[in-house]
């Protein structure tokens, strides 16, 4: 065993990893990377098929991001955001605001041509929110934690005991999220989640949140269609019962005299839930319902942001292809936009929570009123992360990156069609530049493997032996390679997945 692997076994505790299994074999120790290729300490090369846990956008060792970090190192690496501002973070905040509001939705406003649909919140007609404030933090969990705390305190302050929505007594804001939701590992973010495997052991630490059915077309009890060799969203037969349940949930909570403070969701696709994609139109329908009941919208775009959901032309929103964010594909603008993972192009831990002037103003007051948002992180708005993020945004907005993303989406789609021939592939779900391949005992019955059988893990282990690295979500194999992945590399990733699946389950 290599000395570095021995050190890892001796001292490192890995996240989301059963360490008894880990200690049975020599780990892959990565020492270098270029583009989509990673190299280990023994000189073996691998394709990074999950973008280093969904973070790396442009490939490893990108010259523009490398140069941006070097330039910033020549100035300063970090200074506190508590009581001080800095150059790259200020510029990054402005760029994020511009990108988040770039996608116009709904009907025209008289202000600067911005299109803002009117919605009803607590009986008042308000415009679709303009995101113009940025709170920086460290990672996806903290981005959601920030949104959660801000929404909680905003609701307490805006729905005082005398308001119609609060009823009598003290306001106790409640949150609604989706079945199978995963929004991070801080206590607040875990409270928003509904994956027992991850969260049940911490139940004594958590506050209660409510959940509502997610649109899992492949396993939806309302989908009357028999299994086909196609994405279940394409052949589903239902009457949008899932959105009806969302409306029912909001109405029931309103009857209790305490309408939901916020609806929390991953737009277009739920990641850790098992790469669960939403059928076209679902997002717009449920966010309209939430708005009509006075709820704030918290969009978790930690995974889906920065172009991951592709560049499709949407009939719901004809200009959707200009949006870097999943919400833009269906003309939805949230009150909180939570970003991380790809923010710095996969280089440094950094996150951002974007929100509105309306939320911001609720925390303004005289010093002695103590209306300050008492929350922060030592490395918030750090200069190195901001410099990397600025470079990443410049790359994303360039024609070369746009063309590469369009090509990768098409290449993945073409290659994934070859997997339908495998009897253990039940569903193939692609949203933009990411895909989930659900493994089952037999596609005709949709019968799942028990988690203890490690079906997804075994396939990924077989893929690693063939030079492709990814990580499953239960029985779902995730493919989410960097945007620079070539057609040849896309072919290898999918062909290796096909061969690994046949090795694990045998030909039939």
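The values are calculated or read from the model by the stated rules, or taken from the named source; none is laboratory data. All values reported here derive from a predicted model rather than from experimental measurement. A quick note on method: Cβ atoms are made from the backbone with ideal geometry, for glycine too, and the neighbour counts reach across all protein chains shown.
In summary, residue 237 fulfils each of the numbered conditions (1) part of a loop (DSSP other than H, G, I, E, B); (2) touching a helix residue (DSSP H, G or I) at 6+ places or on another chain (Cβ under 9 Å); (3) modelled with pLDDT of 95 or more with the single exception of condition (2). Considering 277, 318, 312, the condition of being at pLDDT below 95 and touching a helix residue (DSSP H, G or I) at 6+ places or on another chain (Cβ under 7 Å) is satisfied by 312 alone.
Filtering the stretch 450-486 to residues that are touching a residue at least 40 places away in the same chain (Cβ under 8 Å) and assigned to a helix (DSSP H, G or I) leaves 451, 455, 458, 459, 460, 462, 463, 464. Taking each residue of the stretch 395-413 that is at positive phi and assigned by TED's automatic domain parsing to the domain that holds residue 483 and looking for partners that are assigned to a helix (DSSP H, G or I) and surrounded by 14 or more Cβ atoms within 10 Å (Cβ to Cβ) with beta-carbon atoms closer than 8 Å, six or more apart or interchain, yields nothing. Within the stretch 414-443, restricting attention to residues that are assigned to a loop (DSSP other than H, G, I, E, B) and without any contact (Cβ under 8 Å) to a residue 40 or more places away in the chain, which residue is surrounded by the most Cβ atoms within 10 Å (Cβ to Cβ)? Residue satisfying both the conditions and the ranking: 441.
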